[in-house]
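Below is one structure; the comments refer to it alone.
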Amino acid sequence: MRRMLVALLLLLLQLSNATKIVGEELELVGQCDSKPTLDPRPHSVSILEFGAVGDGKTLNTIAFQNAIFYLKSFADKGGAQLYVPPGKWLTGSINLTSHLTLFLEKGAVILGSQNPSHWELVNPLPSYGRGIEVPGKRYRSLINGYNLQDVVITGDDGVIDGQGLVWWNWFSSHSLNYSRPHLVEFEDSKYIVVSNLTFLNTPAYNIHPVYCSNVYIYNISVSAPSESPHTVGIVPDSSDHVCIEGSNIATGYDAIALKSGWDQYGIAYGRPSKNIHIRRVHLQSSSGSSIAFGSEMSGGISNVLVEHVQLHNSSTAIQFRTTKGRGGYIKGIVVSDVEMENISTAFSASGHFGLHPDDEFDPNALPIVQDITLQNVRGSNIKIAGNFSGIQESPFTSIYLSNITFLISSSSSSSWICSDVSGFSDSVIPLPCSDLSHPYSISSSAASPLLNSARKTAVL
């Protein structure tokens, strides 16, 4: 009877994936089901027309900025495309404009300058209060967009290479005066597409949409050496209606990390990351997590669907991170149809993770972690199935595990480690710890994110 009930709930969850129109809002469980059509821009120019030289040595920052300034005039005429032909195009930080397509032809490589003076300095993000690595300002990213709409960065497998080695060395030797730049950052922007490109050797993050809406990232490849310190693939940060699909990501730290601000700054800014859909991705993270939630999550993270993903050669596959002082919440998360291989810890949830921006944080700002569904998961060569360590004053609740099988590679008798956590499980091998082994029943359905998802359409 219990198995029939679980099957019925899973069916209801699938049925809830149907699209629903409410006024002018499009509500759906699968944000990736509504990717925009990329129509050709009516106007196009080549970076060559503005004096750029693709020899890998000539600095082309002014050529890029002049081209983009010229293309602003087409914003009310359907927008325009900036075409980057084959070659190696060295540049410092550049700023995009609305209604623009940046197109990298096959064989085109945009190279980030290794001279820090070619990267502008900007103020820290208000939801962080300081640079994430060093107090004070931060370096502007290589390709930037602020308060923009309708921007596409795409190509025919062109490359954006941050040449991050010098930045990694400065970071590792504690020689940085300001926090490292990223490859691509959009701030306070909407209707953004990044597709059909390869990203290499980022100084820090590869793609960082922050305070953004309607962001679509698909069919990209991201690579940084396994030893590159704290390099991260895609970081949706206080952003909503985000799709990440059909991509391969291998980085030194996290492959995908969802964030929403840091302690009192994130609480005050109050913009969550929500309505995020991740599917059909291959992820590898050498020292971090294939998919991480937090630990900077003070604005909240909710309504996230992760499905049909392959996670391999990672320290942790799925990790939920927070600590006292964060406030905020992580809730309404569904992770489904996952294949894992060569993973140290398959699932992790920690209430004791991360540092604080300064001494002004409120230690009584306790985060909430609840309504987490992990289902339909297979893993081989796994050392630890799960390590759940909540907060005594704010335990992690309503964790639901279903149809999970791990082949444990270690001889340890404790394949699950739990404290200050509670939840339910069904068909899980090896058997989870007692705190997560409560059988699912009708009396516990009010706490189950599966049933809650079936009762209402998640806004993604």
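What the table below lists for this structure:
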{"quantity": "Residue list for the range 82-110, restricted to those being buried (at least 20 other Cβ atoms within 10 Å of the Cβ) and hydrophobic (A, V, I, L, M, F, W, C)", "calculated": "L82, V84, W89, L90, I94, L96, L100, L102, F103, L104, A108, I110"}
{"quantity": "Unique residue being aliphatic (A, V, I, L, M) and under 22 Å from G54 (Cβ atoms) when the list is V184, V215, V134, V193", "calculated": "V184"}
{"quantity": "Odd one out for N248 among (1) assigned by the TED database to the domain that holds V335; (2) in contact with a strand residue (DSSP E or B) (Cβ under 9 Å, 6 or more places away or on another chain); (3) of a type in the set (S, T, N, Q)", "calculated": "(1)"}
{"quantity": "Output for the range 128-149, where each listed residue is assigned to a strand (DSSP E or B) and crowded, with 18+ Cβ neighbours inside 10 Å", "calculated": "R138, Y139, I143, N144, G145"}
{"quantity": "Residue ID - nearest to V53 (Cα to Cα), chosen from residues in the range 72-107 that are of a type in the set (A, V, I, L, M) and more than 28 Å from the chain's Cα centre (by Cα)", "calculated": "A80"}
{"quantity": "Residue match in the range 327-344 (condition: part of a strand (DSSP E or B), among the aromatic types (F, W, Y) and under 19 Å from I267 (Cα atoms))", "calculated": "yes"}
{"quantity": "Residue ranges of strands (runs of 3 or more DSSP E) in the range 378-432 with at least 1 members free of Cβ contacts under 8 Å to residues at least 40 places away in the same chain and in contact with a Lys or Arg (Cβ under 6 Å, 6 or more places away or on another chain)", "calculated": "396-408"}
{"quantity": "Selection count where residues are of a type outside the set (S, T, Y), more than 25 Å from L407 (Cα to Cα) and open to solvent by 10 Å² or more (accessible area, probe 1.4 Å), scope the range 306-345", "calculated": "4"}
{"quantity": "The range 241-261, residues that are open to solvent by 10 Å² or more (accessible area, probe 1.4 Å) and farther than 21 Å from I318 by Cβ", "calculated": "H241"}
{"quantity": "Any hit, the range 272-286, residues being at pLDDT below 95 and outside the structural domain of P181 (by the TED database)", "calculated": "yes"}
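The values are calculated or read from the model by the stated rules, or taken from the named source; none is laboratory data. This one's a predicted model, so the numbers in the text were calculated from it and none came from an experiment. Cβ coordinates were reconstructed from backbone atoms using ideal geometry, including for glycine residues, and neighbour counts include every protein chain displayed. Remember, those area values only see protein heavy atoms, side chains included, never the ligands or the DNA or RNA. Shrake-Rupley method; radii C 1.70, N 1.55, O 1.52, S 1.80 Å.
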